[in-house]
Every structure is written in structure tokens, then in C-alpha cells.
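First up is the structure itself, then whatever we jot down about it.
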Amino acid sequence: MTRTEIRQALESRGLQPLKQLGQNFLHDANLCAWLAASVLEDQPAGAEVLELGPGLGALTRPLLARGAAVHAIEVDRGLSRFLRETLAAEPRFALTEGDALAEIARREALPAVVAGNLPYNISTPLLMELLDHPTPPARMQFLLQREVGERLGSPANTKSYGALSVILQAEYRVEILRLFPPQVFYPEPEVASAAVRLTRRAKPAVTLAERAAFRRFVKQGFSQRRKKLRNLLPVEDDRRAGALDVAAWVELFRSARGG
């Protein structure tokens with residue numbers, strides 16, 4: 001949909017972009033097509049995609065056009081009504097109206113692919129909910145604020161490297177595929193966005209049994225970044241949290257547990 005079509009679709013239904021929900025609608029058709037193609041790259045025909053926050057269907061439609069089966073979760077009632085009306089004839093589309101965090105927690109199993117345009121205020125909780133799920137997705141691909149995307153994939157010894165970087169990279173390979181300027185959204189956000197792909201590692205750095213304890217350990221280590229780890233954790237280590245890469249964090253965690 002073009003910028004004009006988005007405005008008309010919203011206005012005709014008495015809707016407007018809600019800042020509290022982080023609603024910025026992608027209107028560049030070429031980027032929508034590229035995004036759908038990258039989400040489905042290397043996936044089998046008819047792949048099932050769980051889409052979070054479909055909005056007006058900018059990603060939904062090209063996913064469906066490429067043969068995917070899309071189950072979308074949308075919290076906005078007006079947008080849910082629009083999607084049901086405009087995609088009523090599409091048998092491979094299903095929609096759940098509700099909060100994505102609650103819906104993900106409620107599901108017994110997740111599909112291999114999860115995608116969406118995530119607002120800043122919910123991106124981290126959603127990522128953690130997906131990571132904590134009994135069947136975490138093999139691929140997650142999201143549009144995120146650029147700074148959030150960079151933080152997820154940051155290496156050690158960088159300013160943006162933190163607990164979330166370590167926790168996520170222990171289980172997923174993180175790639176920033178492309179930057180999206182504010183001009184391709186309506187309304188325009190204040191910052192650039194990034195298309196970020198997370199691919200689950202064939203062998204995560206920590207086991208399922210270690211996961212919860214490892215996360216607590218890492219979060220405590222980053223709780224006061226300027227302090228040496230020996231002052232925050234039961235370790236004899238003079239390094240600071242940001243100096244350790246993921247492998248070093250895993251090694252330190254296991255040595256602290258006597259592993």
C-alpha cells in the first residue's frame with residue numbers, strides 16, 4: 001500500500017496510527033517484497049509464518065503471494081477488522097486478535113519462522129518470550145529500531161554490547177540484513193530501522209537445563225558495568241562484563257558452577 005492508500009484506509013475506518021503501540025506502517029512496495037523474500041529464504045514451499053503486529057498487511061500480503069501460510073497476531077481491534085475484511089478470501093491466512101506476549105505464551109508450539117515489525121517498547125520482552133518458549137523458532141526476522149538491532153548483534157568490547165547481546169547470541173546467530181530509512185514508513189519514525197535475522201544455532205552455547213541460571217548470571221554480571229566481575233559474581237576474575245565474548249561468558253559460568 002502507498003502512503004496515500006494507508007492514510008485513506010485508516011481514515012475511512014476512523015483510525016489513526018497509535019504512538020503507544022509503535023504503529024509505523026511500511027509503504028515501500030519494493031521493500032515489502034524484499035522483506036517477504038528474505039523471511040522465506042531457504043524455507044520450504046507453503047512454510048508457516050507467525051507474524052507479529054501485521055498492521056495493514058504490508059508484509060502479510062507478499063508472504064501470502066509467495067505461498068506462505070500466515071498466522072498473524074494483532075492487538076489493535078480496528079486493524080484486525082481491516083485485515084479480516086480485506087483478506088477474507090485468503091484460505092492461508094489466519095488472525096488472532098490479542099496481545100502477542102500472551103498469545104505466544106499460550107501456544108504449545110511455534111512455527112519455524114516468526115516475523116514482524118516490532119515497536120521499541122515491546123521488542124525485548126517479545127524476544128525473551130520467544131526464546132523462553134518450549135519450541136523456540138528456527139528463524140526470527142524483525143524490523144526493529146536500528147539501535148536495538150545493533151545491540152542484539154554487538155560483539156564484546158563495544159558500547160552497545162550487553163546482557164541481551166550475550167543471552168541472545170548464545171542461542172542465535174544475529175545478522176543485520178538491511179537498514180530502512182524513516183521515509184519508507186507512515187508516519188515517519190524518528191530513527192532508522194533495521195531488518196534483523198536471528199537463526200537458531202544447531203548447537204546453542206548453553207543447554208536447556210543451564211539456560212535460566214546462565215541468564216541470571218549474565219544479567220548480574222552486567223548489572224554494574226564498571227565493576228570488576230569478582231565484585232558482582234562468585235568468581236575470581238578482574239575483567240568487566242563487556243570484555244567477555246559469549247564463549248568466555250559460558251566458560252566463566254560453568255567454572256563458577258564447578259562444571
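The values are calculated or read from the model by the stated rules, or taken from the named source; none is laboratory data. Since this is a predicted model, take the numbers as computed values, not measurements. Note that each Cβ is placed from the backbone with ideal geometry, even for glycine, and that neighbours are counted across all protein chains shown. Each accessible area value is taken on the protein alone, full model and side chains, heavy atoms only, with ligands, DNA and RNA left out. Shrake-Rupley method; radii C 1.70, N 1.55, O 1.52, S 1.80 Å.
What the Cβ-Cβ distance of Arg200 and Arg3 gives, at R0 = 30 Å and to the nearest 0.05, is a FRET efficiency of 0.25.
Of Arg7, Arg139, Arg106, Arg226, the residue with the largest accessible area leads and the full order is Arg226, Arg106, Arg7, Arg139 (1.4 Å probe). Within the straight-line cut-off of under 21 Å between alpha carbons, the lysines reachable from Lys228 are Lys159, Lys219, sequence neighbours fewer than 8 places apart in one chain being disregarded.
Angle of helix 77-86 to the longest C-alpha principal axis of the chain, folded into 0 to 90 degrees and rounded to 10: 50°. If I take R0 = 22 Å and measure r between the Cβ atoms of Ala29 and Ala192 in this structure, what FRET efficiency does the formula 1/(1 + (r/R0)^6) give, to the nearest 0.05? Approximately 0.70, to the nearest 0.05. Taking Cα atoms only, the orientation of helix 211-221 departs from the longest principal axis of the chain by about 70 degrees. Between the stretch 1-73 and the stretch 139-159, the C-alpha centres lie 22 angstrom from each other. Looking at the square roots a ≥ b ≥ c of the eigenvalues of the Cα gyration tensor of the stretch 144-190, which shape do they give, rounded for a/c under 1.5, prolate if a/b is larger than b/c, or oblate? Judged from the Cα gyration tensor, the stretch 144-190 comes out prolate (a/c at least 1.5, a/b above b/c). Sorted from longest to shortest, the spans of the Cα atoms of the chain along the three principal axes equal 64, 35, 29 Å.
For the stretch 114-223, the share of accessible area belonging to carbon and sulfur comes to 53 percent (1.4 Å probe, ligands and nucleic acids excluded). Here the Karplus curve 6.51 cos²θ - 1.76 cosθ + 1.60, taken at θ = phi - 60°, turns the phi angles of the stretch 60-76 into couplings of 4, 5, x, 5, 5, 5, 8, x, 6, 9, 10, 10, 9, 10, 10, 7, 7 Hz, with x standing for Gly and Pro. Eigen-decomposition of the gyration tensor built on the alpha-carbon atoms of the stretch 119-253 gives equivalent ellipsoid semi-axes of 28, 18, 12 angstrom, largest listed first. If the segment from Thr207 to Gln20 were pulled out straight at 0.36 nm per residue, it would be longer than the present Cα-Cα gap by 63.6 nm.
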